[in-house]
Amino acid sequence: MEAFVMEREDMARVREMPAWSSVFNDGMADFWVGEVLWQQPMSEYTTYRVGGPAQAMVFPCGIRELASLLDGVCRLDIPWRVIGGGSNILVSDKGLEGVTIVLTKGFSAKTIVHEVDDHVLVKVETGCSLASFVNWCVEHGLTGMEFAVGIPGSIGGAMVMNAGAFGGEISKVLGSVTLMNSQGEVVEKEACRMNYTYRNWGEERGQIALEGLFALRRGDSQAIRTSCRKLLKKRQTHQPKGPSCGSFFRNPPGAETAGYLIEKAGLKGTRVGGAEISKIHANFLINRGNASARDLVRLMELVQNEVEQKFGVFLEPEVKLLGFEPG
Ligand SMILES: Cc1cc2nc3c(=O)[nH]c(=O)nc-3n(C[C@H](O)[C@H](O)[C@H](O)COP(=O)(O)OP(=O)(O)OC[C@H]3O[C@@H](n4cnc5c(N)ncnc54)[C@H](O)[C@@H]3O)c2cc1C
């Protein structure tokens, strides 16, 4: 098996890593032949633009490559996680230990696999961006994905987060999801038999979404395009522009949204370091340009405390916190 080549600069970075990483470096050539990026700043891979270095970052492009990688990291007991477009993760300033698997370089195909009357089934691979899929649907005159216009990130992230807006959500248009577990086994699950709920796909940790089968319908391209434009305009008027992860908190059960409670608590515009509660949309915690992950977490805690004190409601983050100590 061809060994991977390490640049001199990378070697210097590797020397700064904790002791267990030498096991990783020695063992890795047996199961991974692709490129490895060492100590990559996560601020470059997240829409929040914060986060310390990912110790090792890899970009598998095929199922066999991914399965071999998982087999290796699990055998060597190396911590790992998968990310997509990084639009719903907040990474600690310390960064991420082990291997960060990025699935947005390969896995990007979109294929019509079945068509009867006006019903169309489309298979979309995990690394495809949601934006490119929505555009593709507009071009092909397929209706059903308009709600997702303007949501950043990948199809994989959207399936995991059950991304939604304007009354639509991914699980409502998803026929099935193909998954890989940490042993590299691949199964296809019908979406209706998965435990999809609000912003959650209900799968165990360690499952990787490989592709989704979307049930769409033939429609009028021009009407679909017009509807997308209207929704995009609505989004642009109601959402702030600075680096963020969209809505930070999940809406609590009941009629009042997280944004409404934060605004009612008088917190709009509150700052901690470089992090600020948007004045435009109170559920957006934005990075004003120089925020650290710590600033954002302290702002999150401030919001949680104030809202709980005032209304007795604890706001759970929708954003996934990675690389932080538990608790
Ligand atoms: C400006 C802005 C607006 C937004 N608006 C909305 C909105 O309207 N509605 C909405 O729902 N969200 C919204 N979001 C949040 C975000 O875009 C979505 O949650 C998106 O679907 C996340 O996709 P991603 O590829 O970026 O996932 P990431 O952020 O990379 O990952 C999110 C989670 O999914 C996991 N994951 C990613 N890919 C896989 C995979 N293939 N297999 C297994 N696990 C995986 C990660 O480990 C992580 O836990 C917005 C974000 C921004 C920045």
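Laid out as a table, the results:
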item	result
Criterion violated by Tyr260 - all others in (1) in contact (Cβ under 8 Å) with a residue 40 or more places away in the chain; (2) hydroxyl-bearing (Ser, Thr, Tyr); (3) more than 16 Å from the ligand (Cβ to nearest atom) satisfied	(1)
Asn162 closer than 25 Å to Gly86 by Cα and buried (at least 20 other Cβ atoms within 10 Å of the Cβ)	yes
The range 69-84, subset farther than 30 Å from Leu285 by Cβ and part of a loop (DSSP other than H, G, I, E, B), residue nearest to the ligand (Cβ to nearest atom)	Ile78
Residue list for the range 43-62, filter: surrounded by fewer than 18 Cβ atoms within 10 Å (Cβ to Cβ) and modelled with pLDDT under 95	Cys61, Gly62
Unique match (being out of contact with any Lys or Arg (no Cβ under 6 Å at 6 or more places or on another chain), under 21 Å from Asn251 (Cβ atoms) and either open to solvent by less than 70 Å² (accessible area, probe 1.4 Å) or more than 11 Å from the ligand (Cβ to nearest atom) (or both)) among Ile208, Ile170	Ile170
All positions within the range 235-292 that are at pLDDT 95 or above, open to solvent by 60 Å² or more (accessible area, probe 1.4 Å) and assigned to a helix (DSSP H, G or I)	Tyr260, Glu263, Lys264
Some residue of the range 285-293 being within 16 Å of the ligand (Cβ to nearest atom) and β-branched (Val, Ile, Thr)	yes
Condition met for Met194 (closer than 29 Å to Asp77 by Cα and touching a residue at least 24 places away in the same chain (Cβ under 8 Å))	no
Residue in the range 72-91 that is crowded, with 19+ Cβ neighbours inside 10 Å and among the aromatic types (Phe, Trp, Tyr) present	yes
Residue that is most open to solvent (accessible area, probe 1.4 Å) [pool: residues in the range 211-222 that are farther than 29 Å from Arg250 by Cα and touching a residue at least 40 places away in the same chain (Cβ under 8 Å)]	Arg217
Any hit, the range 93-104, residues being in contact with a Pro (Cβ under 7 Å, 6 or more places away or on another chain), open to solvent by less than 20 Å² (accessible area, probe 1.4 Å), more than 10 Å from the ligand (Cβ to nearest atom) and at positive phi	yes
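The values are calculated or read from the model by the stated rules, or taken from the named source; none is laboratory data. These numbers come from a predicted model, not from an experiment. Neighbour counts are summed over all protein chains in view; Cβ atoms, including those assigned to glycine, are modelled from backbone coordinates with ideal geometry. To get the accessible areas, we keep the full protein, side chains included, count just its heavy atoms, and leave off ligands, DNA and RNA. Shrake-Rupley method; radii C 1.70, N 1.55, O 1.52, S 1.80 Å.
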